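Asks: Once you've had a glance at the structure underneath, I'll fire off some questions.
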Amino acid sequence: MKILLIGGTGIISAYITKLAAKRGEDITVFNRGKHSSPLPEGCKVIIGDANDPEAGKKLSGMHFDVIADFVAFSTGQLAAHVNAFYPYCDQFVFISSATVYSRLDQTTPIREDVTPANNVDWDYCRGKIGGEKYLEMRRALDPSFCYTVIRPYVTYGDTRIPFSLIPARHWTVVDRIKKGKPLVLPDTHNICTLTHSADFAKAFLGLCGNKKAYGEAFHITSGKTYPWERVGEIIGDHVGKKAEFVYRPITAIARELYPAYGDVYSMLKADKATSWVFDNSKLHDAVPDLTFDISLEEGLCHTLAAFEKRGADVADSRWSEACDRIIATENF
């Protein structure tokens, strides 16, 4: 199978390229060529800017079974990418987000055919929802238009430590635990679903060239739920320190983080301060042999070791100081 990933070096797509190459698939990535980590042997690179209106011309004379877009975050971006790249493939895959789902009911497991995709409290969600609606409209006008929407929730791997509140320097969470400083969590006491990107990659490839996926949307999650505290506990076990937690309203958290980190409130309200439980029946019906094999304990320990090995164990002091101020706040 010939697969092109627009992007191809992020937390999810890097694992897809690795697995596809291992399976002997013909895998190519299209990006600006600025990736810091090496691509797997056999993976080809086309250097270009996906947002350039002429980007598609770089594929002249080529044809792919699947082209997957990891870098579209608005309706306009996605429409431009479809116009540029779809002529060169049989199936166009849009990487959306599970955060598009309504947050009104946080106890019933989320199903693609039941739970509304109308979570508009965060601009990130609104951009993904707009992209999905564009694809639906295009297929309604042209039934031969072949697309698939994939909705990840929180994924992690060698370059991402998952947590409810986390800066770009993910090691900050580990650093606070090592120093005996509490981690800040929303007082909503919510649960989450975490998926290792290596498991996600198996599901993604299972939907490529899969007729059951044409014109459909799927969330890809492990189906295993945890309180966010469990992540801290595993990290604490890894570094030999007990993780401590302090709970604050999202308004107090967002107010302190806003000057340096922008609109954290919308992200918390739409995502990280809410509970996420998924029904994965549709995915397993489309990919019957799919299994999610990496436990959170195994996956996180591998992630932490990878950070340490490459010297990425650097904390964001500004973020940590903001957390200290949030903890010290008495007037919520």
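The values are calculated or read from the model by the stated rules, or taken from the named source; none is laboratory data. Note that the structure is predicted; figures quoted are calculated from it, not measured. Don't worry about glycine lacking a Cβ; one is built from the backbone with ideal geometry, like all the others, and counts go over all protein chains shown.
Asks: Report the residue count in the range 1-23 for those that are β-branched (Val, Ile, Thr) and without any contact (Cβ under 8 Å) to a residue 60 or more places away in the chain.
Replies: Kept after step one, since they are β-branched (Val, Ile, Thr), are these residues of the range 1-23: 3, 6, 9, 11-12, 16-17.
Still in the running and without any contact (Cβ under 8 Å) to a residue 60 or more places away in the chain: 9, 17.
Looking only at that region, the number is 2.
Yes/no per residue for (1) within 27 Å of residue 302 (Cα to Cα); (2) in the same structural domain as residue 124 (by TED's automatic domain parsing):
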| site | (1), (2) |
| --- | --- |
| 179 | yes, no |
| 215 | no, yes |
| 233 | yes, no |
| 236 | yes, no |
| 265 | no, no |
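Asks: For the range 237-246, state whether one or more residues are surrounded by fewer than 18 Cβ atoms within 10 Å (Cβ to Cβ), out of contact with any strand residue (DSSP E or B) (no Cβ under 9 Å at 6 or more places or on another chain) and among the acidic types (Asp, Glu).
Replies: yes
Asks: So how many residues does the range 50-90 have that are crowded, with 17+ Cβ neighbours inside 10 Å and among the acidic types (Asp, Glu)?
Replies: Count: 1.
Asks: Okay, moving on. Might you let me know whether the range 291-303 holds any residue that is in a helix (DSSP H, G or I), polar (S, T, N, Q), touching a strand residue (DSSP E or B) at 6+ places or on another chain (Cβ under 7 Å) and within 25 Å of residue 155 (Cβ to Cβ)?
Replies: We begin by selecting, within the range 291-303, every residue in a helix (DSSP H, G or I); these are 296-303.
So of that shortlist, the ones also polar (S, T, N, Q) come out as 303.
With the extra rule that they be touching a strand residue (DSSP E or B) at 6+ places or on another chain (Cβ under 7 Å), the set shrinks to 303.
With the extra rule that they be within 25 Å of residue 155 (Cβ to Cβ), the set shrinks to 303.
Yes, because at least one residue in the range 291-303 is in a helix (DSSP H, G or I), polar (S, T, N, Q), touching a strand residue (DSSP E or B) at 6+ places or on another chain (Cβ under 7 Å) and within 25 Å of residue 155 (Cβ to Cβ).
Asks: If I ask for residues that are in a strand (DSSP E or B) and without any contact (Cβ under 8 Å) to a residue 60 or more places away in the chain, which ones from the range 226-241 would you list?
Replies: 227
Asks: Quick one: in the range 239-287, of everything that is more than 30 Å from residue 113 (Cβ to Cβ) and among the charged types (D, E, K, R), which residue is nearest to the chain's Cα centre (by Cα)?
Replies: Going through the range 239-287, the residues more than 30 Å from residue 113 (Cβ to Cβ) turn out to be 239-265.
After this cut, where a residue has to be among the charged types (D, E, K, R) as well, the list is 241-242, 244, 248, 255-256, 263.
Working: 241: 29, 242: 28, 244: 26, 248: 25, 255: 25, 256: 25, 263: 19 Å.
Result: 263.
Matching residues to (1) of a type in the set (D, E, K, R); (2) more than 19 Å from residue 156 (Cβ to Cβ):
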site	(1), (2)
214	no, yes
217	no, yes
225	no, no
249	no, yes
256	yes, yes
259	no, yes
263	yes, yes
266	no, yes
277	no, no
